[in-house]
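Beneath this line is the structure, given in structure tokens, with notes to follow.
The values are calculated or read from the model by the stated rules, or taken from the named source; none is laboratory data. The shown structure was predicted, so the numbers you read here are calculated from the model rather than taken from an experiment. Note that each Cβ is placed from the backbone with ideal geometry, even for glycine, and that neighbours are counted across all protein chains shown.
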Amino acid sequence: MKQTFLSVILLSIVLAGCATTQPEATSSRTELISMTSLPSISAMYPMSGLKLNVLFHIRADGSIEEVRLMKSSGDPDWDKAAIDSMKLWRFTPFTDNQPTDGHWVRNTIVLQVQAPTILTLSEITASTLEEADSLYGLVQGGSDFDKLYQQIAPGSSEPRGKFLGATDVARYPKHVRDALRTLGINEVTKPLRIGGKFLLFKRYKPDGPDIGQQ
């Protein structure tokens, strides 16, 4: 069966206050950075996409406290499964000037039926664009990506990155999905921003590198 991939339209309205009150709009912005797959949608829906208006109550760490569909898809069982999945999504953590008790964000989400894109990947994470550009320059100059992602990151006890293995690219924001879908075997992306971090991805053949098999 074909899988449901997600495109999140760039309409994100941050709402302050409790859901039982009339909230007021604020100027804060919260970005969706990680998604889980939603259940497959019926062939009855148009291939152009099913639009959902969704309210997310986001905790300070970017995790989801509550999800509300503003209007049913027409299938109560699908609605419940979709809400359960969306509770696993992640937004960017709050900044210092945002409320610590969570806030509401309204998104318009478009679901489209597409074939899944599963790629074997590893990643390197950088905290700044300058650091990411430097790492990308090292890779372009011949440095081994697999050795780079195992190095300990400056100021941390953790490696710069990790081997992800077989990955459904639908989990990432649209600009990352688009870059990964055009990535060739053994190619590396330019730095891609996800939330407040910058990532480089390398694609492997389906069985992965030797390092990933250990």
Check: Looking at this structure, is residue 125 among the β-branched types (Val, Ile, Thr), in contact with a Ser or Thr (Cβ under 9 Å, 6 or more places away or on another chain), touching a residue at least 12 places away in the same chain (Cβ under 8 Å) and not in a loop (DSSP other than H, G, I, E, B)?
Finding: no
Next item on the list: Just need a number here: residues in the stretch 180-195 that are surrounded by fewer than 16 Cβ atoms within 10 Å (Cβ to Cβ) and free of Cβ contacts under 8 Å to residues at least 24 places away in the same chain.
Entry: 5
Notebook entry, point to check: If we scan the stretch 83-104, do we find a residue that is modelled with pLDDT of 90 or more and over 26 Å from residue 165 (Cβ atoms)?
Noted result: yes
Next item on the list: Check residue 120 against each of (1) touching a Ser or Thr at 6+ places or on another chain (Cβ under 9 Å); (2) β-branched (Val, Ile, Thr); (3) part of a strand (DSSP E or B); (4) within 28 Å of residue 58 (Cα to Cα) and name the one condition it does not meet.
Entry: (4)
Checklist line | Residue ID - farthest from residue 117 (Cα to Cα), chosen from residues in the stretch 165-179 that are surrounded by fewer than 18 Cβ atoms within 10 Å (Cβ to Cβ) and among the hydrophobic types (A, V, I, L, M, F, W, C) | finding: 179
Check: If you go through the stretch 25-32 one residue at a time, do you hit one that is part of a strand (DSSP E or B), among the acidic types (Asp, Glu) and modelled with pLDDT of 65 or more?
Finding: no
